[in-house]
Each structure stands twice: as C-alpha cells, then as structure tokens.
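Remarks on the structure that follows.
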Protein chains: 2
Amino acid sequence: MADLRRPERTFTIRQLCNEFKATPRALRFYEDKGLLNPAREGLNRVYSHKDRVRLQLILRGKRVGLSLSEIRELLDLYDENDEGAAQMARSLKKFRERANALEQQREDIDNALIELREACNRLEKRLAEIRPDLLPRAADYEQVLRARLDGHAEATLGK
Amino acid sequence: MADLRRPERTFTIRQLCNEFKATPRALRFYEDKGLLNPAREGLNRVYSHKDRVRLQLILRGKRVGLSLSEIRELLDLYDENDEGAAQMARSLKKFRERANALEQQREDIDNALIELREACNRLEKRLAEIRPDLLPRAADYEQVLRARLDGHAEATLGK
DNA sequence: GTCAACGCTTACGTAAACGTCAACTTCAAA
DNA sequence: TTTGAAGTTGACGTTTACGTAAGCGTTGAC
C-alpha cells in the first residue's frame, strides 16, 4: 500500500539507525550540531527523505575522514544555493584538499613503516644471535586477520 | 673543557626540548605518566644521558604511532630486565603489530581515496557541463606544498 | 493492568596529549 | 638592585564524537 520509496514516506530514528548502522545518540548529536533538522510529531523526530539523504552524505563524509564541522559546511552550501554550482565547486575543492591530506598521511605512514621495519630488522638480528628461541613467529597473523574484519576506517581516519 | 658527549654530562629541560623539538610541558607530562624520571637539583630537573636515551625512544615510539602507555610498557621492560632478550622479543612483537596496523590504515586510506576520487570525478563532470568557469584549478598545490613543510606525522598517526 | 520497547531531554563521562594559565622561586646579568 | 629569563607545581581547558545513565512520557502486547 505505502510504497517504501514514495518521497513522502517518513522514517523514525530507529529505522534510519538500523538502515545505516548508526545509533540514536549519534543522530541526535548530528542534529545538535546542526547537521540534521528533522520534523517533529509532538516530541518525536520524523525524518523525511531529504533528511535521509543528508544522513547519507554525513556518513559518506565521515567515511572519507571529514570532520562533522566540515560536513556541516558542505551541507549548508547545498542548502543556501539549491540550484547547485558554486557549492559543487566548493565541495570539489574540499574533496581535493581531503585527498591531498590523505596522500600526505599515506606518506607519513610509509615513513613510519620504514622506521618500524628497520627497528624490527635490528631486533630480529640481535635476537637471532642471542636467543633465537624467543623470536616471535609470524603466527600473529591470525589475530590480525580476525581484527581486520571490523570497522577500521573509523579509527584510521580519525573519529 | 667539558666534552659535550661525556656520559656524565647532564641536561636541562630546555636543552632537551631544543634538541628534540619538544616543549617543557611535554617532558613534564611524560614524567607525570611515568615515562621519565630525571634527577632533581633542588626543584630543577636534571636529565642524564639515560634520560636522554629514554626520551629518544619515546619520540621514536610516537613517530611510529605508539601511544604513550604502550611506550611506557616497552620502557618498563627495558628497565626490569636490563640484560635484554625477552623484552627485545616483546618490543619486536609490538613493532610488528604496529606495522600491521599501519598497513591496515593505508588500506583504509586507499579506500577513502577511491571514494573521494569518484566523488571528484562526478563533480568535475557536472561542473564542466554546467559552469566550467567555476572549476577550481589545481592551483591549490601551492597551499598544500606549504603546509607540507610541517610536522604532519604527528597529526597523521594520532597525537 | 502492567510490562517492555521506544522515544524524549539534560547532563556528565571518555580518551589522548598536551596547552594554558596562575602564582611562585631562583639565579645571573646589567 | 632590579629585572628578566627560566624553572617549579598544580589545576583547569581543549578537541571530537559520541556513550551512558537518570528520569520521564507514550504505546502496543499480553
């Protein structure tokens, strides 16, 4: 009867949370920060399709490591100027900046990895000389592989 | 007269700060957290060569993204068991874990970069159709290159 | 009739690594 | 003698993105 995709369809907070794997607290927090502005039915929040889209944009922004305030700026731009052009240019700029920052981060990580590998090699050599029995073998991989199944991007990109 | 490299030479807090580009507040903080334990001359801190080495290790640890508490654990191991073997094994393990984490981070970053580039491409295409004059050109590089001259690793690896 | 599930608001807690006062002492140079 | 530089110990502030209650109202299921 009610097509789920009808634009006039609305969502409860929990529906959006389930769909996007967020928590109610998070959505309220975004609202508090001015990223969302759902309608009210009495006290209860009622999310429209536009709100849903905004939430999607928020989460995408987070995925690429933008801060909430940066995301808010972008969303504000979309609102002010809805015909879309100047704000697209600004978004593009923001995204490029973010990409550059990420590339810098990759460089930093690569440098850290170099330093780490040197330290590992030194330790391995000395351990092999002195106490080869204590050499921790690469059996650590199991742990690592298990841990890898979760949401690492959030931690990595600064949450 | 006094050879600067003589092992009995001591250092003031500011000397070490200048040498390693840290702040007094930071060294006191490390001390507060149990990473350093300089002698006192009255109230003033007097850093020995061993303290200097410890500080170097602390900063190296930070450079590769270890937390202060992880660094403290490693330093504690060096102290307990000064003949060095089991603790080297543990350090090695820690370093390998850290290296794995960093590799994971690189992957996360690469994924974010993919998502970003897609978004950039979409925006560029639409902008080129609608308002090609608004296309932000790659003149941003100047800003980026300037910013690149500073300590990015700290930000990148979580400070 | 009542209990659980969901919703709300307000407000404090968390983690990390310091920065930033305030309020002082101590020392050496001018 | 004064003043300026450097040192000290607290203690609170900062940032980000929420988590975690506390305490209350509403509603559907049984």
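What to note about this one:
- Flag if A:Arg28 is within 10 Å of chain B (Cβ to nearest Cβ), of a type in the set (D, E, K, R), surrounded by 14 or more Cβ atoms within 10 Å (Cβ to Cβ) and touching a helix residue (DSSP H, G or I) at 6+ places or on another chain (Cβ under 9 Å): no
- For the range B:50-66, the candidate set comprises residues that are over 19 Å from A:Asp110 (Cα atoms) and either small (Gly, Ala, Ser) or in contact with a helix residue (DSSP H, G or I) (Cβ under 7 Å, 6 or more places away or on another chain) (or both); within that set, the residue that is nearest to the other protein chains (Cβ to nearest Cβ) is B:Leu57.
- Pairs with Cβ under 6 Å, 6+ apart, first in the range B:91-115 and without any contact (Cβ under 8 Å) to a residue 24 or more places away in the chain and at the interface with chain A (Cβ under 7 Å from one of its Cβ atoms), second of a type in the set (Val, Ile, Thr) and part of a helix (DSSP H, G or I): B:Asn100/A:Val144; B:Gln105/A:Ile109; B:Gln105/A:Thr156; B:Arg106/A:Ile109; B:Asp108/A:Thr156
- Unmet criterion (only one of (1) farther than 30 Å from A:Leu127 by Cβ; (2) under 15 Å from the mean Cα position of the chain (by Cα); (3) touching a residue at least 12 places away in the same chain (Cβ under 8 Å)) for B:Arg72: (1)
- Taken as a whole, the structure leaves A:Arg14 outside the set of residues that are near DNA strand C (Cβ under 9 Å from one of its atoms), surrounded by 18 or more Cβ atoms within 10 Å (Cβ to Cβ) and not β-branched (Val, Ile, Thr).
- Within the range B:31-49, the residues that satisfy the criterion of being within 12 Å of DNA strand C (Cβ to nearest atom), without any contact (Cβ under 8 Å) to a residue 24 or more places away in the chain and surrounded by 11 or more Cβ atoms within 10 Å (Cβ to Cβ) are B:Glu31, B:Leu36.
- Only listed residue being in a helix (DSSP H, G or I), modelled with pLDDT of 95 or more and away from DNA strand C (no atom under 11 Å from the Cβ), chosen from A:Arg52, A:Arg25, A:Arg60: A:Arg52
The values are calculated or read from the model by the stated rules, or taken from the named source; none is laboratory data. In this text, all values refer to a predicted model and were calculated from it rather than measured experimentally. Glycine also receives a Cβ, built like all others from the backbone with ideal geometry; neighbour counts cover every protein chain displayed.
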